[in-house]
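The values are calculated or read from the model by the stated rules, or taken from the named source; none is laboratory data. Since the model is a prediction, treat every value here as computed from it, not as a measurement. Cβ coordinates were reconstructed from backbone atoms using ideal geometry, including for glycine residues, and neighbour counts include every protein chain displayed.
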Amino acid sequence: MSDRGNDPAPPGREETRAPDGERGRAPDSERARAPDSERGRAPGAHVRRSKFSLVWLIPLLALAVAGYLGVRTVRSEGPRITLTFKTGDGLVAGQTRVRHKAVELGQVETVRLSDDMQSVQVQVRMMRDAAPYLTDQARFWVVRPRLSSGSISGIETLVSGSYIEMDPGGRDGKAKTEFTGLENPPGVRSGEPGRTFQIKAERIGSLGAGAPVFYRDITVGEVLGYDIGDGTGPVTVTVFVRSPFDGFVREGSHFWNASGLSVQVGTEGIHVEVASLQALVSGGVAFDAPRALPNAKPAAAGSEFPLYRNYAEAQSSGYTNRQDFVAYFESSVRGLARGSPVEFYGLQVGIVNEVGLDFDPAAGKARVRVLFEIQPERLNDAKLIDVDAIQTARRLVARGLRAQLKTSSYITGSMILALDFVPGTPAAELTMEGGQPVIPSVGGGFDNILASVSNIASKIERIPLDEIGRNLNGTLRSASGAMASVQELTRKAESGLSPVLARLPAVVTALQDAVARAGRTFGSLESSYGKDSQFNRELERAMVQVGDTARSIRLLADFLDRHPEALVRGRANTGAVR
């Protein structure tokens with residue numbers, strides 16, 4: 001195959017040269033497509049027509065898309081707002097978004113320090129859809145990983161990065177473009193059904209924002225915060241209860257502190273109570289619906305309730321029939337405090353409300369004043385509800401009823417106020433003090449033990465131990481002299497009886513010889529008079545008695561030989577065995 005570029009030109013055609021000096025030949029197809037008017041042109045005058053390329057459609061399409069996006073951005077772009085935070089941690093210009101319920105509402109444009117270098121100002125371009133909600137009811141805060149008491153939040157931002165959460169609030173507020181951001185997420189979001197209540201407390205313990213609110217051990221809300229006021233009055237704690245549980249907060253409901261671990265040591269033993277692990281860490285508040293008032297109306301939003309220290313105190317406050325009494329003690333009341341039980345026959349009938357010191361500087365005397373209340377409803381006896389408590393107490397005091405302190409736990413030293421009939425107590429009457437009846441009191445608790453010990457010590461002190469010792473020494477000296485006399489008498493008896501005792505063996509021997517001779521004589525008599533004669537029988541009995549007498553004399557001799565002092569002291573003092 002030959003190269004077409006090297007073939008010789010056909011007749012009637014001349015070669016044409018390209019501008020760069022290379023030879024070329026027009027294809028036959030181009031000559032065929034050329035108009036007739038151009039076919040007669042001279043060689044080298046060939047003109048090529050340009051045409052439109054599809055490549056130009058790409059930039060035109062890009063320009064159209066950019067214009068559309070620009071118009072759309074301008075139309076969707078909302079106002080620019082300024083957020084002020086204490087720190088810019090996690091905020092990046094051009095990246096950090098503003099969201100609500102995971103829907104993007106804006107983007108951070110700039111992050112800079114304030115002029116006084118005390119805060120961070122964040123410029124945010126919001127979308128047009130969010131403009132109606134930019135009112136004084138809107139709230140903003142930064143969502144970042146947080147470890148608070150009892151809970152962990154913002155874990156998803158470890159991957160996606162921090163963002164600004166918006167709580168729109170509502171449209172009925174005034175338009176606003178400058179906001180102060182919250183440092184912590186709010187406890188209640190806008191639109192969440194429920195109600196808030198105010199709780200008054202002298203002490204809040206470990207309660208703080210975010211602490212749970214319990215109803216029958218179910219988490220139904222949370223603590224929003226607290227206000228200490230001027231620092232002299234009670235602390236106001238604001239709690240939020242979600243719907244439908246807010247309907248259980250009724251007029252007459254009781255709120256109590258369910259914080260931490262409650263350990264009570266009393267006569268019933270050790271009682272440990274904890275609401276939940278979160279309450280153990282961050283504290284908590286619990287409430288109940290008053291069972292005694294089943295028809296009570298639901299409490300209005302913002303209603304105020306007292307905060308009791310524990311469940312027992314809250315239950316005690318539910319008794320409506322009460323009577324205050326006063327008792328005075330002139331001894332230590334350590335272990336008795338506000339809330340301590342008042343018992344009658346071992347049953348709780350009330351609580352102690354106040355323990356204070358009553359000091360009389362003029363007389364130089366001091367005593368403890370205990371204010372307590374009696375709650376007849378605790379006894380579940382309908383007859384006691386309408387009884388005149390003061391007249392009843394007057395009759396009981398006349399019979400010997402007294403108030404005294406008793407120790408309920410020797411481990412913790414806690415005490416109770418007991419109302420008992422004390423036998424042998426001096427007569428007393430119920431008196432009145434400012435409209436409050438005063439019940440006479442007697443010592444109790446450790447005071448009784450100390451009084452008994454002191455009484456025993458006083459009696460022991462009155463014993464004449466010195467005189468008893470002197471008398472005992474004289475008695476011992478007299479006894480010592482008597483013993484010396486007895487020993488001297490024994491010695492003399494022994495020396496005097498020695499010859500007699502020495503002759504006793506010879507006497508016994510002679511007596512035995514006499515008995516032997518008598519036996520031989522009796523033998524000859526027996527042969528002469530016969531064995532069954534009356535004379536022989538009487539003689540035989542006489543010989544037996546003589547033998548017993550000789551044996552007794554021998555035993556007496558042996559005994560006196562071993563114990564010669566028996567003649568003075570007697571046989572019982574010698575230790576001899578019968």
>> I'd like the full set of residues that are hydroxyl-bearing (Ser, Thr, Tyr) and surrounded by fewer than 20 Cβ atoms within 10 Å (Cβ to Cβ), limited to the range 206-253.
In response: SER206, TYR215, THR219, TYR226, THR232, THR236, THR238, SER243
> Taking the range 89-105 only, how many residues are part of a strand (DSSP E or B) and of a type in the set (Val, Ile, Thr)?
Replying inline: 2
> Which condition does SER276 not pass, out of (1) modelled with pLDDT under 85; (2) among the hydroxyl-bearing types (Ser, Thr, Tyr); (3) over 29 Å from GLU192 (Cβ atoms), if it passes all the others?
Replying inline: (3)
> If we keep just the residues of the range 312-342 that are of a type in the set (Val, Ile, Thr) and closer than 30 Å to ARG250 by Cβ, which is surrounded by the fewest Cβ atoms within 10 Å (Cβ to Cβ)?
Replying inline: THR320
>> If I go through the range 366-376 residue by residue, how many of them are surrounded by fewer than 17 Cβ atoms within 10 Å (Cβ to Cβ) and more than 16 Å from GLU433 (Cβ to Cβ)?
In response: 1
> If ALA428 satisfies every condition in (1) of a type in the set (A, V, I, L, M); (2) outside any loop (DSSP other than H, G, I, E, B); (3) at pLDDT 85 or above; (4) over 39 Å from the mean Cα position of the chain (by Cα) but one, which is the exception?
Replying inline: (2)
>> Residues that are at pLDDT below 75, in a loop (DSSP other than H, G, I, E, B) and under 23 Å from VAL342 (Cα atoms): does the range 445-468 have at least one?
In response: yes
> Under 6 Å by Cβ, and 6 or more places apart or on different chains, what pairs join a residue from the range 323-334 that is assigned by TED's automatic domain parsing to the domain that holds ARG378 with one that is among the basic types (Lys, Arg) and surrounded by 18 or more Cβ atoms within 10 Å (Cβ to Cβ)?
Replying inline: none
>> If I filter the range 477-490 for residues that are of a type outside the set (Gly, Ala, Ser), in the same structural domain as ALA557 (by TED's automatic domain parsing), more than 30 Å from ARG554 (Cβ to Cβ) and modelled with pLDDT of 75 or more, do I get at least one hit?
In response: yes
>> Suppose we filter LEU91, LEU105, LEU113 for residues that are at pLDDT 90 or above, more than 30 Å from PRO212 (Cα to Cα), of a type in the set (A, V, I, L, M, F, W, C) and touching a helix residue (DSSP H, G or I) at 6+ places or on another chain (Cβ under 6 Å); which single one remains?
In response: LEU105
> Is it fair to say ALA314 is touching a helix residue (DSSP H, G or I) at 6+ places or on another chain (Cβ under 6 Å) and touching a residue at least 12 places away in the same chain (Cβ under 8 Å)?
Replying inline: no
> Which ones in the range 178-205 are small (Gly, Ala, Ser) and closer than 30 Å to GLY88 by Cα?
Replying inline: GLY181, GLY187, SER190, GLY191
> If you take the residues in the range 115-130 that are surrounded by 14 or more Cβ atoms within 10 Å (Cβ to Cβ) and in contact (Cβ under 8 Å) with a residue 40 or more places away in the chain, which one is nearest to ASP89 (Cα to Cα)?
Replying inline: VAL122
> How many residues does the range 369-388 hold that are more than 14 Å from PHE325 (Cα to Cα) and either β-branched (Val, Ile, Thr) or modelled with pLDDT of 85 or more (or both)?
Replying inline: 2
> So which residues in the range 173-202 are part of a loop (DSSP other than H, G, I, E, B) and farther than 27 Å from GLY247 by Cα, if there are any at all?
Replying inline: GLY173, LYS174, LYS176, THR177, GLY181, GLU183, ASN184
